[in-house]
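The values are calculated or read from the model by the stated rules, or taken from the named source; none is laboratory data. All values reported here derive from a predicted model rather than from experimental measurement. In this analysis, Cβ positions are derived from the backbone assuming ideal geometry, glycine residues included, and neighbour counts consider all displayed protein chains.
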Amino acid sequence: MSGGPLLEVRDLHAWFRLHGGGELHAVQGVSFELEAGERFGLVGESGCGKTTSILAMMGLLPPNASVSGEVRLAGADILAGGEDSVRPHRWTDMAMVFQGAMNALNPVRTVISQIAEPIMLHGGAGSGGGAGRAPRTGRVSRARAASARQRAGELLELVGIPAAAGSRYPHEFSGGMRQRAAIAMALACEPKVLLADEPTTALDVMVQAQIMDLLVRLSEELGLALVLVTHDLPVVAQVCQRAAVMYAGEIVETGTTDALFHDTRHPYTRLLFAATPDLYSDDEVTSIPGTPPRLDRPITGCPFLPRCDSVVARCESERPVLRAVGARQAAASGGAGYLAGQPDGDRGHVAACHRNELVEAIEKESP
Amino acid sequence: MSAIATEVGLAGQVVRSRAGLLRQAILERKAASLGLFIIVLFVVLALAAPVIAPYSTTARTCAVFAPPSAKHWLGCDDGGIDMLSEIISGGRISLVIGFAATLIAMLIGGGVGIVSGYFGRWIDITLMRITDYLLVIPDLAFAMVIADVWGPSLSHVIAVIAILEWATTARIIRAQVMSVKERVYIKRARSIGASHARIIGRHILPQVGPLLMANTVLTVAVAIYLETALAFLGLEDPTTTTWGTILEHAFDRAAVSAGAWWAIVPDGLVITLLIMGCFLLGQAIEDALNPRLRVAHLSARRWALRPLAGRGPDAI
Amino acid sequence: MTADGVLLEVADLRARYRVRRSIADRVARRPRQWVRAVDGVSFSLRRGEMVALVGESGCGKTTTAQTILRMVEASGGSITVDGRDITALSQRRLRPLRRDIQMVYQDPYESLDPRFRVRQTVAEPLLVHGVGGSRRERDELIAGALERAGLAPASLYLDRYPHELSGGQRQRVAIAAALALDPVLLLADEPVSMLDVSVRAGVLSLLDGLRRDGRLGVMMITHDLSTAAHFADRIAVMYLGRIVEYGPARQVVTDPRHPYTKALLSVVPDRDPRVRRTAQILRGETPNPVAIPSGCRFRPRCPIAEDRCAEVDPRLAPPATEAGGPGPEALPAREVACLLA
C-alpha cells in the first residue's frame, strides 16, 4: 500500500434531529488517522460522542441522524455517497464489535453458524467485497456453506476458542468467550480496520486481560488497525500506541499514550488521569465537579470551561482549536519519545487548550 | 456549577418521564386523539340521552318499518318506535353494561394478576390454572349456558362479560408485575423492610397502571361486542333497549326481507365506531408503553449526508 | 455496640441455591445439586472501618452481602450485627433491626423508583419504620440525609425526578435514602462501577468520609482492586465462595501471598503506558460453583499447585512466613488460605 494512512477520518460531524424540534450536535469535528497494525484509543466518558463517531464511520446511525466529513479507507472517501458508498465496505473492509456484543448473539443459533453467516453473505477470503458476494436471494450452494463453516472454525481458533466448541449455543459460553465470538464474527470478512466499542467493559479483570491480549495479538499478527473506544484509561494505556481524548463531541487532545500521560497538555486529560485510581500510588483520587455541556445548543468559548481548574481569559470567548503542542523541556518529561513540534496535522501531539498555548508562548520567551 | 442535567441518550432523544409519555402518545398520534374523541362523544351522548332523544322509546310514534324522513331521521323499527331515539337510549344502556363489566373485569383481573405475579409460587400456580381454565372456555358457548341457567337480565349480562374478560387482563398484568418485581428499586424497598402492601401499592401499582388503562380501553371494546352478541343470541332481557337488542329485534322481525336497512345499519355503525375508537386509543397507549412494539427502525429512510460543515451558526 | 466496637461479625457463613432438576434428572434419581455461592466466609467490621470484598463475578461477594442483609437465607454460619445474632431471626422480628443495616446498589439508574421524587425516595424508609412524627420532622431528616450525602442545598433536589439527575446524583440520593435511618452498617455493592470515571472519586470520598466521622462502618463490594486499595482499610479477596486472602489493604496489594491475589494484581492495567507488568493470565475462567474442585478450590488454575493441594482444603490462617501477632494499629493480622503461602 502506498503513502497515505490506512484509515483517515477528517472533520467528522454528526447531528441528531430531536423529538421536539432542534438538533443535537453529537460529534463536532473529529479527525484522526491510523496505519495498518496500529492500535488507537478513543477515550471519553458517557455522552462525549465516541460511540456515535464510530457508528457514523460505519454508516450505522438511525434515520434521524445526519453526518458530514470524510472517512477515507486507503484514500477513498467511503462517506461521500451516503449509505450506498458505505455499504460495500461495511464488514469487508471495516468491521465493528458493538458494545455489549456478547449479549447480542442470536440465542437460537449455534455460535459457528453466526460467524459463518457474514462469510456466506459477503464472500470471505481476500476480497474487498465485490466479487464473491452471494446472490441477493436465498440459496447458498453447499460448497460455499461448507467453506464458510470451515473458515468460521479457523476464526474461532484465532480468537482462542476451540473450533469444536463452535457448535454450542451462546448461552453455553461464558462472558469472555462470547466476547471473543463477537470479535471472531467481526473478523469474518477479513477487514482491515476493527472498531471495538467498550470490548472489555462488562468483563472481569482476568478476562479483560485475555481480551486485551487478544486484540494486541490480532493487530500484530494480522496487521489489523484497531480503534478502541472506551472510558477506561488504563486499558488504552496498555493496549494502544496512540489515543485521542474526547469531550463534548470533540477531541481535546491526541497523542501517543506515553505523551498523554507523561506530557499532558489538556486539563481534562490531566483530571481524567487524576480521577483514575492507581494500585500502587498513594496520590489522592479526585473527581471533576459539574457535568458535560448540553450539545443541543451552540457553545461559546471552551466547552470544558465550567469544570476546568486552569481557566484563562480567552477561554470564555474563543473556542480552542486543536494545535500541535510545542516542545517542552525534554528533561521535564523524562526524555519522552513523543513527536514534538510537528507541523499541523493529526499525527503527533495536539491539544485544544488556550492555557497550554499561553504557557508555551511564555516558555518560548523565557527558556 | 449546574447540578441538574436532562439525560440525553445515544440517539439524541431526551428521556421523558412516563406520565409525559402517555400524554405525548395520545396528543401526538392522530389516531389516538380520534379514538379519545369518539369515546368522549359517545359518553356525552349517552349521558344526555334522556334530554336529546326526540321521541319515546316505549310508545309507538310511527308506522312499522317506516323509512327515514324529516320527522324520523333514521326511520322506525318493527314496533313503530323511532330508530334514532332507540339508538341514543340504547347506547346509554350498552355503555353502562360495557363500562360496568369492564370495571369489574379490571378489578378482578388486575387483582389476580398483581397477587399472582408478586407472590409467585403456589399462589401463582393456583391462580393461573383458574385463569387458564377461563381462557380456554369458548366465550359464546359459556355465555349461552350461563344465560340459560341464570335467566336473562341486565346484571347477569354484566356478570357474564366480566367473568369472560378478567382472565386475559390477569395474564397481561401478571407478566408486567413479574418483570417489575425484579427491578432494583423493589429489592431495595424490600431490604428497607417495606411491607408487601406498601410495595404493591406505592411501587408496583403505578408502574402497572398505564398498562391496566390500555387494557381497560381495549376491554371496553370487547365488552360492547360481547353485549351485542349476547343480545343478538337472545340471551338478554328483550324489554330493555340496547344496541344488541335493537339488532336482535330487527333480524327477528325480518327487517332484511322488508328492506328496512335503517333498522340494522345505523345500529351496526355506532357499535363499530365505538369499538374502533376504543381500539385506536388502546393501541396508542400500548404502543407508547412498549418500546419494543415501535417499528421506526424498520423504516426505509436512512441517515443523511450533509455536504459541507464548519463551526458556527453560518455552517451549512 | 460491643466493647471493642465490632459492628459486624460474620463467622463461617454459608448460603446456597438449589439447582433446578429436569425430569430426566428426577427419573434417574440423580442427587440434587447445590450452588454453594457462599461457602464459609468469616470476617469482621468495626465502626469507622471500611472493608472491601473483592473478587470476580461468581465469587459470591454479592451473595454474601445479600445474606448479611437477610434477603437470602443463610444455610450455615452466623451473622452478628452490633452484638445481636440475626442469622435465624424471623422476618418479623428482623424488621426493626433493618434500620441498622442499609445497602446501596450498583445501578443508580435502576435503584430509584422513576415515579418517586427525591423527597419521596428518601422519605420512604422513614415512613416504613415510623420515624419522624410530623411531616416537618421528616422533612428535616430528609434534608439532613441529602446534605450528608453531598446534595446541598437539599431544597434544590427535593422535588426532582430521577431522570432529571445525573448518575452520580442518583447514587447520592440512594446513599441519602440509606442514611435516613442513621444506620450503623452500610453495605455498598459496586457503588461506582456504573458511574463515569470523573464522578467516581466524589462518591467514594463520600463513603470514605461517612465512615471516618465514626458513626458507621462500610462494607464495599467491588471488582476493582485499585479502588479497594485506595479507600478500604482491609481487603478480603474472594474466590468461589471463600475468602482466600484477608488483611490490611496496603499489605494485600503490595505483598500478596495467595497465588490468586498475585495473579489478579498482575493483570490490572496501569494508567502509565511505561509500566508493563508481567500479566499472569490464568487459564480458562472461574469454574461453576456447582462443581467446586476437591481440596483447594483454586487448584485447577493455580500456577504453583502441588499434589497436596488436591487433598487438603486450606483454611484462612496467618501465613506461615509472617512474623505473627497483631499488625500495627491493632488491626488483625492478615490471613491467607493457601498451603504454600
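Considering only residues in the range B:261-316 that are modelled with pLDDT under 60 and part of a helix (DSSP H, G or I), the one that is farthest from the chain's Cα centre (by Cα) turns out to be B:His297. Taking the range A:3-16 as the range and being among the small types (Gly, Ala, Ser) and either without any contact (Cβ under 8 Å) to a residue 40 or more places away in the chain or in a strand (DSSP E or B) (or both) as the test, the residues that pass are A:Gly3, A:Ala14. One residue stands out in the range A:197-221 among those that are charged (D, E, K, R) and either over 14 Å from the mean Cα position of the chain (by Cα) or facing chain C (nearest Cβ under 10 Å) (or both): the one that is nearest to C:Thr261 (Cα to Cα), namely A:Asp204. In this structure, does A:Thr264 turn out to be more than 9 Å from every other protein chain (Cβ to nearest Cβ), within 23 Å of the chain's Cα centre (by Cα) and either at pLDDT 95 or above or closer than 18 Å to C:Asp270 by Cβ (or both)? Answer is yes for this residue. Could you tell me whether the range B:192-213 includes any residue that is buried (at least 20 other Cβ atoms within 10 Å of the Cβ), among the small types (Gly, Ala, Ser) and assigned to a helix (DSSP H, G or I)? Taking every residue of the range B:192-213 in turn, none turns out to be buried (at least 20 other Cβ atoms within 10 Å of the Cβ), among the small types (Gly, Ala, Ser) and assigned to a helix (DSSP H, G or I).
Just checking, does the range A:165-173 include any residue being hydroxyl-bearing (Ser, Thr, Tyr), within 19 Å of the chain's Cα centre (by Cα) and either outside any helix (DSSP H, G or I) or under 30 Å from A:His349 (Cα atoms) (or both)? Looking for residues that are hydroxyl-bearing (Ser, Thr, Tyr), within 19 Å of the chain's Cα centre (by Cα) and either outside any helix (DSSP H, G or I) or under 30 Å from A:His349 (Cα atoms) (or both), one finds none in the range A:165-173, hence no. Against the numbered list (1) of a type outside the set (S, T, N, Q); (2) more than 9 Å from chain C (Cβ to nearest Cβ); (3) closer than 26 Å to A:Arg323 by Cα; (4) in contact with a Pro (Cβ under 9 Å, 6 or more places away or on another chain), A:Leu226 comes up short only at (4). Only one of C:Pro287, C:Pro314 is of a type outside the set (Lys, Arg), under 24 Å from C:Phe43 (Cβ atoms), part of a loop (DSSP other than H, G, I, E, B) and within 14 Å of chain A (Cβ to nearest Cβ). Can you tell me which? Exactly one residue qualifies, and that residue is C:Pro287. When the residues of the range A:65-95 are narrowed to those that are at the interface with chain B (Cβ under 8 Å from one of its Cβ atoms) and in contact with a helix residue (DSSP H, G or I) (Cβ under 9 Å, 6 or more places away or on another chain), which ends up modelled with the lowest pLDDT? Result: A:Leu79. Going by what's in this entry, would A:Glu221 be described as of a type in the set (Asp, Glu), surrounded by fewer than 24 Cβ atoms within 10 Å (Cβ to Cβ), over 22 Å from A:Thr52 (Cβ atoms) and without any contact (Cβ under 8 Å) to a residue 60 or more places away in the chain? The answer is yes for A:Glu221. Looking across the range A:272-292, the residues that are more than 7 Å from chain C (Cβ to nearest Cβ) and either small (Gly, Ala, Ser) or under 16 Å from A:Val245 (Cα atoms) (or both) come down to A:Ala274, A:Ser281, A:Gly290, A:Pro292.
Restricting the range B:155-185 to residues that are touching a Ser or Thr at 6+ places or on another chain (Cβ under 7 Å) and within 12 Å of another protein chain (Cβ to nearest Cβ) leaves a set whose member that is surrounded by the fewest Cβ atoms within 10 Å (Cβ to Cβ) is B:Val184.
Confirm whether B:Ala162 is over 16 Å from B:Ile114 (Cβ atoms) and small (Gly, Ala, Ser).
Details: over 16 Å from B:Ile114 (Cβ atoms): yes; small (Gly, Ala, Ser): yes.
When the stated conditions are applied, B:Ala162 passes them.
Might you check whether a residue that is polar (S, T, N, Q), crowded, with 18+ Cβ neighbours inside 10 Å and over 23 Å from A:Ala248 (Cβ atoms) occurs anywhere in the range A:57-77? Scanning the range A:57-77, I find no residue that is polar (S, T, N, Q), crowded, with 18+ Cβ neighbours inside 10 Å and over 23 Å from A:Ala248 (Cβ atoms), so the answer is no.
Take the conditions (1) under 13 Å from C:Asp189 (Cβ atoms); (2) touching a Lys or Arg at 6+ places or on another chain (Cβ under 9 Å); (3) part of a loop (DSSP other than H, G, I, E, B); (4) in contact (Cβ under 8 Å) with a residue 12 or more places away in the chain; C:Met71 misses just one of them, which is (4). Restricted to the range C:80-103, and to residues that are of a type in the set (D, E, K, R) and away from chain B (no Cβ under 13 Å), which residue is surrounded by the most Cβ atoms within 10 Å (Cβ to Cβ)? So the residue we want is C:Asp82. Reported count of residues in the range A:15-45, each being of a type outside the set (Asp, Glu), more than 30 Å from B:Leu27 (Cα to Cα) and buried (at least 18 other Cβ atoms within 10 Å of the Cβ), is 13. The single condition from (1) within 30 Å of C:Ile221 (Cα to Cα); (2) buried (at least 23 other Cβ atoms within 10 Å of the Cβ); (3) in contact with a Ser or Thr (Cβ under 7 Å, 6 or more places away or on another chain); (4) more than 9 Å from chain C (Cβ to nearest Cβ) that A:Ala243 fails is (1). A:Ile251 passes every criterion in (1) in a loop (DSSP other than H, G, I, E, B); (2) crowded, with 24+ Cβ neighbours inside 10 Å; (3) within 18 Å of the chain's Cα centre (by Cα) apart from (1). Taken over the range B:186-215, residues that are touching a residue at least 24 places away in the same chain (Cβ under 8 Å) and facing chain C (nearest Cβ under 8 Å) amount to 1. Determine whether the range B:160-170 contains at least one residue that is assigned to a helix (DSSP H, G or I) and under 17 Å from B:Pro238 (Cβ atoms). Checked the range B:160-170: at least one residue is assigned to a helix (DSSP H, G or I) and under 17 Å from B:Pro238 (Cβ atoms). State all residues of the range C:171-200 that are surrounded by fewer than 24 Cβ atoms within 10 Å (Cβ to Cβ), under 30 Å from A:Tyr247 (Cα atoms) and either of a type in the set (Gly, Ala, Ser) or more than 14 Å from chain A (Cβ to nearest Cβ) (or both); if no residue qualifies, say none. Residues satisfying the conditions are C:Asp189, C:Ser193. Could you check the range C:124-144 and list, in sequence order, the residues that are away from every other protein chain (no Cβ under 11 Å), part of a helix (DSSP H, G or I) and within 19 Å of C:Arg98 (Cβ to Cβ)? Residues satisfying the conditions are C:Arg138, C:Leu141, C:Ile142.
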